[in-house]
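Q: Mind having a look at this structure? Questions to follow.
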Amino acid sequence: MTRELIIIGGGINGLVAATYLAKAGVKVLLLEARDALGGLAAGADQIPGYRCDVGGCDAGWLLPDIAADLQLDAAGLELVTPQACVCSPQEGGRALTLWADPARTAEEINRFSPDDAHRWPEFTAQVARFAAVLEAIYAVAPPQVPDPEARDLGTLLRLGMKLRRLGKREMVEFLRVAPMSVAEWLDDWFKSDALKGALAAGGITRIFQGPRGAGTAFVFLHHQVGRPAGAMRGAHYVRGGPGALAAILANVAKGYGADIRTTAPVREIVVRDGKAIGVALETGEHLAAHQVVSSTDPRRTFSRMVDAGQLDPEFLRAVRNIKCRGAVATVHLALSELPRFPGVTEEAMGGAITIAPSLDYLEHAYDDAKYGAVSRRPYLEARIPTLLDSSLAPAGKHLVTVQLQYAPYHLRPGGWDDRARSQVSDLVVETLSAYAPNVRGSVVGRHVTTPRDLEDRYGLTEGHAYHGELTLDQILFMRPVAGWARYRTPVEGLYLCGAGTHPGGGLAGAAGRNAARELLKERRA
Amino acid sequence: MSTTWDAIIIGGGHNGLVTAAYLARAGKKVLVLERRHLVGGAAVTEEIFPGFKYSVFSYVVSLLRPEIIRDLDLPRHGLEILPLESTVTPLDNGDYLAAWGDPDKTRREIARHSLRDAEAMTEFGRLMHHMAQAVKPILAMMPPDPTSLSPRDLAGLLRFGRHFRDLGQERFHALYKLMTMSSADYLDEWFETDALKATKSASGIIGTFLGPRSPGTAYVLLHHYMGEIDGSFRAWGFAKGGTGAISESIAGAARRFGAEIRTEAGVSKILVRRGGTSGVVLENGEEVRARVVVSSLDPHRTFLQLVGDEHLPDEFVSDIRRYKFRGSSGKVNLALGELPNFTCLPGMGPHLRGAMSISPSIDYLERAYDDAKYGEFSRAPYMDIIIPSMIDPGMAPPGKHVMSIFVQYAPYNVTGGWTDAKRDAFGDAVVETLSHYAPNIKQAILHRQVVTPADIERTTGLTEGNIFQGELSLHQLFFLRPAPSWAQYRSPIRRLYQCGAGTHPGGGIMGASGRLAALRILSDGR
Amino acid sequence: MLKESPFHPRTSALMEGFAWRRWAGYTMASVYELTHEREYHAVRSSAALFDVTPLYKYLIRGRDAARLLDRIVTRDVAKSKVGQVLYTTWCDARGKVIDDGTVSRLDETTFRMTSADPSIRWLHLNASGLDCTIEDVSERIAALSLQGPLSRVILEQASEQDLSGLKYFRLTPAKISGVPVTISRTGYTGDLGYEIWVEAPRALPVWDALIDSGRGYGITPAGLLALDLVRNEAGLLLIDVDYISAHHALIESQMSTPYELSLGWTVALDKDRFNGRDALIAEKERGPAWRFMGVEVDWNALERLFADVGLPPKLPTTAWRASVPLYMGGVQVGYATSGCWSPLLKRYIALAHLEGPYGEPDTVVEMEVTVEHRRKRAGATVRALPFFNPPRKRA
């Protein structure tokens, strides 16, 4: 029996693609290698009794129109948006908190720099305008550049209008800012180190660059897409954890008739005469299909799953050259009590607790990583999901999910052995304790996931959660590789729908939705 | 009664002189005002110690536009560019990596380090050739203003767009990568030999406050290949008589066309009345009137010092204020009693006629950058060394030599400022690093001149000692150089033009800014 | 310094006029004597000995060695037999020729590839997921080419081995002077001939043994001028002269497909996917835009053009390498890229690219010739290649 369409990988993008396709009447079979759906968003009791998630609480921002299209609310999706976006403790016992409410944030900033507080509304307004432009660009497959096809012209015109609506000066400003470094950009705006550090952290998320790297201003804007104006570096949580989102999507997809199989790892995408004809599972089972859609990362898809003899070596070279240098380790800490940061309320801890006191701090953290070492003084992003959902941990206990950057995949010397792993968790405890001294004594369990683990357990090449860094040369029409940015591949009948494609990671399901739409367009044509 | 000039050019650097020569050639009455006793700006040759001539600041030439050489007939005024044949990178293990004038020899040399790299060179060279071809018309293009709806700008944008479309997808994408990537990442896609990547990267970081792993450094790799498509045999050259000879030859051409050049005539103020300029005031108080004033100084100096905020729109002032200079390089010029003896290639050899590049690995360059990021000069800096007297014997007394060492990084904003002690320490670090590769260097030194970014600023007036009049980073290029809407050599002050490297395309002894500015002035005058 | 071949001690002793030239980074003889006439005639009448060491050579070994080569080259390597040599092209994804060379199957899982351009990077780029090793043996293996009607008898004496059973494009292991060698019945002359492959450090005794055995048969060391003449007669094309590698071409129109080089016979479309297969299938259906053919200039026409200025026809004595336009009815229909006066055939011949319809044999065209500084057009006829194809080549 030849199936209509197989999707490889049951992460959020794979599930979203499956749901959109099934909803349009396509007979979909989704294959997930692991026993749980959700990919990185899948939860696991990595510390017994604590429901952890490797992706780090936040499966990325779920765009409201995806939730609406797929009627996820009706299926039980509940999003919680904490009032606090970022709380950034400083040395000497102060802390800067950025709230979803810009006025409240400005008050807060005023304690650090009245000038900066004064400029805050202007800054947030500009960021919101730029993010809106990106959101429009992200909603469609990237037009073919520099020689657009006829069908791109409408898209380009719409995007052009959107850009023009910014006004003359803002439009040039957008073109100027996007390729800048987040450090230079923030230097143009602000004086306070604390503020610049807390914001710049958003520009280096999962990228092997420091805040002085060109293009980090773009990364910052990328992570503002979909956020309400003023909610700088805001996040929302799915009630029940990101695993719940996967479960809801799976239910909706099944409701539309999609077939989902877990524990079904794909060994090979079978290609004959340049055309994908199905997949072979690790078990040896062959599943024939007219179309195959891979949500695994492009490097893995092409260098591990497709016979290289079926590919142009130059294409394969381009795929191998995709930069996805994993830089983040996730450390789960089980705590017997909440961390106590001086001057920080429980409400302020509802969002991300960021250890990023200055631009130089972040840049120094990157310096170590350049030479293959874990940052001696790392940038940390801690979230306490138990503040919102106490069911994730035993009564009275707390779970803290900490993302540590930089923990380079290519660790020198020796690589990721047990010693290196335990050093990472010690480093997290020590670093947090420098700001919240009670952490050291309250750790009752810990679990470390290194980039190496992400590769080994989740199949992510070099442990990069976004399937490829969001650098200027790897976005838009360059993602995943030049000439193949529209979810198609050189193999007929084989498509990509993961975070390795436009618009990339950090936006839950956006790539999966775009890919599904392109596939459906192609079917209609 | 003083005369009224058609045009006054402020600053006798190479771009100012090029503008002057083109305007004079078109029959305009032109006056060049230079603050120092000699023309050239950062392209000067000075006999700092008797018998030893230094190209004090800039030192090599690669991009001087051939059309300028032809239009102004510069060889008639003494210009002769001698080839720099080779680049040799000494390695820490006592070996070296070389690129020679002959492709076979280079191939064999690289194959000694990596067979694959030797092959990749050919294809990489072809790609760079294509990229240089794609970029060349942009360098010669008046940047269109993307926000303007004027027919001229729309036509320019259309031409710009068509240019990219004609490149085809493959080359456009390659160019896009080149513009956005770090030189280290870009070269990683092609090569495996660290020293090869480092030495190629080094050309990508010259004059910037960026490391080889910083995005935006890849496109400068092109410069090595630009010469090739201009019909010249080799990209890098050394001007006979030092870089000052280039300036002198352009000045000679300008004078032949009737321009007047006054030295020791610093400008203190650009006269502005009702939004237009009518001339300048000299440091000695003299007023000189002109229909058009052209500044070859950097945007800071021109607008914030000579014009003054009060005459300019707020937005423009804030754009100029945030325009970044961040001088990052210094120069050490040595008078030598004997030739350096490099451990990797002992004794006399062809390598001494080329460049010696101290860039043994990407990490080496990156660490040099790390020092600078936090306000220190590099303890072990990147150095580009040439021995001009090996190419042009007239640069030093017979049997003796001059050595020009371009050094990076030496940040303008060094912690504690550039004191005399700091300057000496910087010079010592350079000599120390060099002696690691050429142990006899210390005993060979007769005289030493150390030039820091602060010295460059003080002597030439270049803000923060940036030799390119502003960093060549993506957000300061093309229609953003120096400020949006003012990238076409004009300024918010009527009849005040800009012609320095702070305008498109900027950087290096290229002269393109000066030429494009002259063309703009002439077409506006029509 | 350029590299020297292991035979340099012998070849340099023969050099009479410092007529060296560069070949792939080596110093090689253009001609040993003061003229190349005797060296040329040796190829066709007795035996000429060429040093062909500068060829690039790669040893590919392992379970997937044949699969690797089959991904790259246009011929069907899997089907080749041990001891067989394939002449082949290889292409990029658009079916444009990157290089041409040979693939020799030394045993089931060992192959030697020769190429005109360095190829290690391309081999590695194609080797993903395959179980094989790739070794550049260019400098490790020296090569001689013994070509001419008496080459077999000389080689049989030198190797003390009967070679009558060694068929065209086959190889055999042998020993010469106690040195293990591989003898392949291949060459670049279109004549009976052999190539001898030997480890570089042990190369000199092989040269000496061949010269000793050949003395009575008129063996003549020969240089590249003679080789260039005979390869024109044999219609064998030369990279960078007759075509440009797809890896070096600067624009699309500089590239050629195998069909456009009249090498369609080397393209095995029925084998599994290889680089350029899809494009070549389409091209074969479409028919190639160009053909690579021989052109023979009409001697009478040439004589008349020279007679008009009072001269006898004056032609170069060596082969030329230049682009010379071909016309029909005043319109350019192609261009010749190599040519020579063939002393043996007494014909003025050229190798040429002709637009599809004009590539049929016997089509009458005109070739540009320069007569006393002035450009003229002489009548010429399109010919099938090779111009010279003696039965002994394959017998």
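The values are calculated or read from the model by the stated rules, or taken from the named source; none is laboratory data. It should be emphasised that the depicted structure is a prediction, and the values quoted were computed from it without experimental measurement. Glycine gets a Cβ as well: all are built from the backbone with ideal geometry, and neighbour counts include every protein chain shown. To get the accessible areas, we keep the full protein, side chains included, count just its heavy atoms, and leave off ligands, DNA and RNA. Shrake-Rupley method; radii C 1.70, N 1.55, O 1.52, S 1.80 Å.
Q: I'd like the orientation of helix A:114-138 relative to chain A: the angle between its Cα long axis and the longest Cα principal axis, in ° from 0 to 90, rounded to 10.
A: Between the helix axis and the principal axis of chain A, the angle is about 0 degrees.
Q: Here is a further query. Above 25 Å lies some portion of the pair distances; for region A:348-502, what is it as a whole percent of all C-alpha pairs?
A: I get 44 percent for the Cα pairs in region A:348-502 exceeding 25 Å.
Q: Keeping every protein chain present and rolling a 1.4 Å probe, give me the accessible area per residue for region A:164-267 in Å².
A: 28
Q: While we're looking at this one, here's another question. So what does log10 I(q)/I(0) come out to for region B:236-347 at q = 0.12, 0.13, 0.19, 0.24 Å⁻¹, using the Debye formula with one equal point on every Cα and no solvent?
A: For the requested q values the scattering log ratios are -0.70, -0.78, -1.17, -1.33.
Q: Roughly how many debye, to the nearest 20, is the charge dipole of region A:1-159 about its Cα centre, given +1 on each Lys and Arg Cβ, -1 on each Asp and Glu Cβ, and no other charges?
A: So the magnitude is around 240 debye.
Q: For region A:383-392, take each phi angle, set θ = phi - 60°, evaluate the Karplus expression 6.51 cos²θ - 1.76 cosθ + 1.60, and give the result in whole Hz per residue in order, putting x for glycine and proline.
A: 10, 10, x, 5, 5, 9, 9, 6, 6, 6
Q: Moving to a separate point now. Let me know the mean shielding of B:102-108 by other chains, meaning the per-residue number of their Cβ atoms within 10 Å of its Cβ.
A: 3
Q: Output the Cα-based Rg and Dmax of chain B in Å, rounding Rg to one decimal and Dmax to a whole number.
A: Just the Cα atoms of chain B yield Rg and Dmax of 22.4, 73 Å.
Q: Also, quick follow-up: Could you state the per residue volume, in Å³, of the convex hull enclosing the Cα atoms of chain A?
A: 140
Q: Oh, and also: In chain C, with Lys and Arg counted as +1 and Asp and Glu as -1 at Cβ, which of these residues, C:A322, C:S30, C:G190, has the Cα nearest the positive end of the dipole, that is, farthest along it?
A: Among C:A322, C:S30, C:G190, the one farthest towards the positive end of the dipole of chain C is C:G190.
Q: Considering the Cα positions of region C:125-232, please state its Rg to one decimal place and its Dmax as a whole number of Å.
A: Taking only Cα atoms of region C:125-232, I get Rg and Dmax of 15.3, 53 Å.
Q: Something else about it: Enter the Cα centre distance for the pair region A:448-525 and region C:1-44, rounded to the nearest angstrom.
A: Taking the Cα centre of each part, region A:448-525 and region C:1-44 sit 58 Å apart.
Q: Another one. Using the Kirkwood formula over every pair of different C-alpha atoms, what hydrodynamic radius in Å results for region C:308-395?
A: Final number for the Kirkwood radius of region C:308-395 is 14.2 Å.
Q: I've got another one for you. Over the whole of B:184-194, what's the average partner chain Cβ count within 10 Å per residue? Rounded to a whole number, please.
A: 2
Q: Using only the alpha carbon atoms of region B:344-461, find the Kirkwood hydrodynamic radius as the inverse mean reciprocal pair distance, in angstroms to one decimal.
A: 15.3
Q: With viscosity set to 1.567 mPa s and temperature to 4 °C, compute the Stokes-Einstein D of region B:468-526, Rh being the Kirkwood radius across alpha carbon pairs; µm²/s, no decimals.
A: Reported coefficient: 114 µm²/s.
Q: Just order C:44-54, B:294-304 by mean Cβ neighbour count inside 10 Å, highest at the front, would you?
A: Answer by packing, highest mean first, reads B:294-304, C:44-54.
Q: Taking the Cα centre of chain A as the origin and placing charges on Cβ (Lys, Arg +1; Asp, Glu -1), which of A:G226, A:L157, A:H286 is farthest toward the positive end of the dipole?
A: Positive-most Cα among the choices belongs to A:L157.
Q: Moving to a separate point now. Classify region A:12-165: rounded, prolate or oblate, from the alpha-carbon gyration tensor (a ≥ b ≥ c, eigenvalue square roots; a/c under 1.5 rounded; otherwise prolate if a/b is larger than b/c)?
A: Oblate is the answer for region A:12-165, as a/c is 1.5 or above yet b/c matches or exceeds a/b.
Q: I need two numbers for region B:391-447: Rg to one decimal and Dmax as a whole number, Cα atoms only, in Å.
A: Here Rg and the maximum Cα pair distance are 14.0, 41 Å.
Q: For the protein assembly as shown, give the magnitude of the charge dipole about the Cα centre (Cβ charges: +1 Lys/Arg, -1 Asp/Glu; no others), in debye to the nearest 20.
A: Using Cβ point charges on Lys, Arg, Asp and Glu, the protein assembly as shown gives about 2160 debye.
Q: Just the Cα atoms of region A:193-317, one point each, no solvent: what log10 I(q)/I(0) does Debye give at q = 0.09, 0.17, 0.22 Å⁻¹?
A: One equal scatterer on each Cα of region A:193-317 leads to -0.48, -1.02, -1.17.
Q: Let me ask something else about it. Where the centre of each part is set by its Cα atoms, how far does region A:171-192 sit from region A:194-214, in angstrom?
A: First find each Cα centre; the distance between them is then 12 Å.
Q: If you don't mind, there's one more thing I want to ask. Distance between Cα centroids, region B:52-101 to region A:262-316: provide it in whole Å.
A: First find each Cα centre; the distance between them is then 52 Å.
Q: Using the Kirkwood radius over Cα pairs, work out the Stokes-Einstein diffusion coefficient for region B:126-166 at 10 °C and 1.306 mPa s, in µm²/s as a whole number.
A: My calculation gives 145 µm²/s for D.
Q: Give the residue from B:A501, B:A421, B:L23 lying farthest towards the positive end of the charge dipole for chain B; charges sit on Cβ (+1 for Lys and Arg, -1 for Asp and Glu) and the dipole is referred to the Cα centre.
A: B:L23
Q: Here's a follow-up. Under a point spin-label approximation (7 Å from Cα along Cα-to-Cβ), what is the C:L2-C:S323 distance to one decimal in nm?
A: Here the answer is 2.5 nm between the modelled labels.
Q: Sticking with this one: Step through the table entries A:K370/B:K197; B:K136/B:K197; A:K323/B:K373, compare each Cα-Cα distance with 18 Å, and write down the pairs that go over it.
A: B:K136/B:K197; A:K323/B:K373
Q: Testing the spin-label approximation: label points 7 Å from Cα along Cα→Cβ at A:H118 and C:R61. State their distance in nm.
A: Placing both labels 7 Å along Cα→Cβ, they lie 7.7 nm apart.
Q: About its Cα centre, how strong a charge dipole does region A:383-449 have in debye, to the nearest 20, once Lys and Arg get +1 and Asp and Glu get -1 at the Cβ?
A: 20
Q: Report, to the nearest 10°, how far helix A:418-435 tilts away from the longest principal axis of the Cα atoms in chain A, using its own Cα long axis and a range of 0 to 90°.
A: Between the helix axis and the principal axis of chain A, the angle is about 40 degrees.
Q: Hey, any idea what Rg/Rh is for region C:1-101, computing Rh the Kirkwood way over Cα pairs?
A: Here Rg/Rh amounts to 1.09.
Q: Another question, if that's okay. If you count, for every residue in A:307-319, the Cβ atoms of partner chains within 10 Å of its Cβ, what is the mean?
A: 6
Q: So how much accessible area does B:Y96 have, in Å² to the nearest 10, using a 1.4 Å probe?
A: For B:Y96, solvent-accessible area is about 40 Å².
Q: At 10 °C and 1.306 mPa s, grab the translational diffusion coefficient of region B:63-156 from Stokes-Einstein with a Kirkwood Rh over Cα pairs, rounded to a whole number in µm² per second.
A: Answer from the Stokes-Einstein relation: 91 µm²/s.
Q: Mind listing the phi-derived Karplus ³J(HN,Hα) values for region B:123-134, rounded to whole Hz, using 6.51, -1.76 and 1.60 with θ = phi - 60°, and x for any glycine or proline?
A: 3J(HN,Hα) across region B:123-134, in whole Hz: 6, 4, x, 5, 4, 5, 4, 4, 5, 4, 5, 6.
Q: Enumerate the aspartates and glutamates that C:K79 could reach by cross-link, defined here as Cα to Cα under 20 Å, with residues fewer than 8 away along the same chain left out.
A: Straight-distance partners of C:K79: A:D273, C:D64, C:D70, C:D100, C:D107, C:E108, C:D131, C:D270, C:D272.
Q: Sticking with this structure for a sec: Rounded to two decimal places and with Rh computed the Kirkwood way over Cα pairs, what is Rg over Rh for region B:115-195?
A: Using Cα coordinates only, the ratio equals 1.11.
Q: Here is a further query. Does region A:295-360 come out rounded, prolate or oblate, given a ≥ b ≥ c as the square roots of the eigenvalues of its C-alpha gyration tensor, rounded meaning a/c under 1.5 and, failing that, prolate meaning a/b above b/c?
A: Cα axes put region A:295-360 in the prolate bin.
Q: Right, something else. Which cross-chain or sequence-distant (5 or more) residues have an amide H under 5 Å from the amide H of B:G506, H modelled 1.01 Å from N in plane?
A: Here the answer is B:S513, since their amide H atoms fall under 5 Å of that of B:G506.
Q: Taking θ as phi - 60°, what are the ³J(HN,Hα) couplings along region A:462-477 by the Karplus curve (6.51, -1.76, 1.60), each to the nearest whole Hz, with x for Gly and Pro?
A: In residue order, the calculated couplings are 6, x, 9, 5, 8, 6, x, 5, 8, 8, 3, 7, 10, 10, 6, 6 Hz.
Q: Could you bin all the Cα-Cα distances of the protein assembly as shown into 20 Å bins starting at 0 and give me the percent of pairs in each, rounded to whole numbers?
A: Whole-percent P(r) values from 0 Å outward: 9, 31, 35, 21, 4, 0.
Q: Next question. Where does helix B:194-205 land angle-wise versus the long Cα axis of chain B, in degrees 0 to 90, nearest 10?
A: In chain B, helix B:194-205 runs at an angle near 10 degrees to the longest axis.
Q: In nm, to one decimal, how far is the C:L315 label point from the A:V80 one, both placed 7 Å along Cα→Cβ?
A: 9.3
Q: With each run of n ≥ 4 DSSP H residues scored as -39500 (n - 2.57), what mean residue ellipticity at 222 nm is computed for chain C after dividing by its residue count and rounding to the nearest 500 deg cm²/dmol?
A: -5500 deg cm²/dmol
Q: Please report, in whole Å, how far the alpha carbons of region B:398-526 spread along each principal axis, starting with the longest.
A: 61, 40, 25
Q: Here's something else I'd like to know. Using only Cα positions of region C:60-146, each an equal point scatterer, no hydration layer, compute I(q)/I(0) via Debye at q = 0.21, 0.22, 0.26 Å⁻¹ and quote the log10 values to two decimals.
A: Taking Cα atoms of region C:60-146 as identical point scatterers yields -1.05, -1.16, -1.60.
Q: Just to be sure I follow: if Rg is taken over the C-alpha atoms of chain C and Rh is the Kirkwood radius over the same atoms, what is Rg/Rh?
A: Result for chain C is an Rg/Rh of 0.97.
Q: Skipping prolines and chain starts, which residues have an amide H placed within reach, meaning under 5 Å, of the one on B:E260, given they are 5 or more residues away or on another chain?
A: The answer is B:V30, B:L31, B:V32.
Q: Ok, one more. From the helices alone, meaning DSSP H stretches of at least four residues, give me the mean residue ellipticity at 222 nm for chain A, per-run term -39500 (n - 2.57), in deg cm²/dmol to the nearest 500.
A: The helix contribution divided over chain A gives -10500 deg cm²/dmol.
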